[in-house]
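Colleague: Before anything else, here's the structure in question.
The values are calculated or read from the model by the stated rules, or taken from the named source; none is laboratory data. For clarity, every value in this text was computed on a predicted model and none was experimentally measured. Cβ coordinates were reconstructed from backbone atoms using ideal geometry, including for glycine residues, and neighbour counts include every protein chain displayed. The accessibility values were calculated without ligands, DNA or RNA, using every heavy atom of the protein model including side chains. Shrake-Rupley method; radii C 1.70, N 1.55, O 1.52, S 1.80 Å.
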Amino acid sequence: LMSKPFGFPKTGIFGLMDLIGIDVMMLIAESLIINLPENDDIHRVYKNSRPILEQMRVKNLLGRKSGSGFFKLNKTVKPPVTTMLNLQDY
């Protein structure tokens, strides 16, 4: 849903976060929190998502650079299979 019509790449939000890296995304969000006014939606969005991102960081689920994040590509099977992180576990 949140892709090209909203200016996001075809990866979507979670794929983009995996590409950037969860740890880097957290640094970006912290910078936005400091620099944007309190009525900006980033404050609400990050407040709600920060616990999940923090748990992912602790578990080294940093995205593509760690081999797993919101998505994980299993290349040992043919064709390769992509699995998704179950957010209900967090």
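Colleague: Fully extended, how many nm does the chain gain between residue 19 and residue 36 (0.36 nm per residue separation, minus their Cα-Cα distance)? Please list the in-between numbers first.
Modeller: Details: separation 17, 0.36 × 17 = 6.12 nm, distance 2.41 nm.
My answer for the length gained is 3.7 nm.
Colleague: Report the far tail of the P(r) of the chain, meaning the percent of Cα-Cα pairs longer than 22 Å. Don't skip to the end; give the middle numbers.
Modeller: Working: 1286 of 4005 pairs.
Summing the P(r) tail past 22 Å for the chain gives 32 percent.
Colleague: How much accessible area per residue does the chain have, in Å², with a 1.4 Å probe?
Modeller: Values: 6630 Å² over 90 residues.
Heavy-atom SASA per residue in the chain reads 74 Å².
Colleague: Which order do peptides 53-60, 40-47, 17-24 fall in by mean Cβ count within 10 Å, highest first? Display every interim value, and only then the final one.
Modeller: Working: 53-60: 14.5, 40-47: 12.8, 17-24: 19.0.
Result, highest mean first: 17-24, 53-60, 40-47.
Colleague: At 0.36 nm per residue, minus the direct Cα-Cα distance, what do residue 44 and residue 57 gain on full extension? Give it in nm, one decimal, please. Don't skip to the end; give the middle numbers.
Modeller: Working: separation 13, 0.36 × 13 = 4.68 nm, distance 2.01 nm.
Contour length minus the Cα-Cα distance gives 2.7 nm.
Colleague: Something else about it: Which value in deg cm²/dmol, rounded to the nearest 500, describes the helix-derived mean residue ellipticity at 222 nm for the chain, given -39,500 (n - 2.57) per DSSP H run of n ≥ 4 and division by the residue count? Walk me through the numbers before you get to the answer.
Modeller: Working: 3 runs with 41 residues, N = 90.
Only helices count here, giving -14500 deg cm²/dmol.
Colleague: Something else: Calculate what fraction, in whole %, of the accessible area of the chain sits on carbon and sulfur atoms when a 1.4 Å probe is rolled over the protein chains.
Modeller: Working: 3970 of 6630 Å².
On the chain, the fraction of accessible area on carbon and sulfur atoms equals 60 percent.
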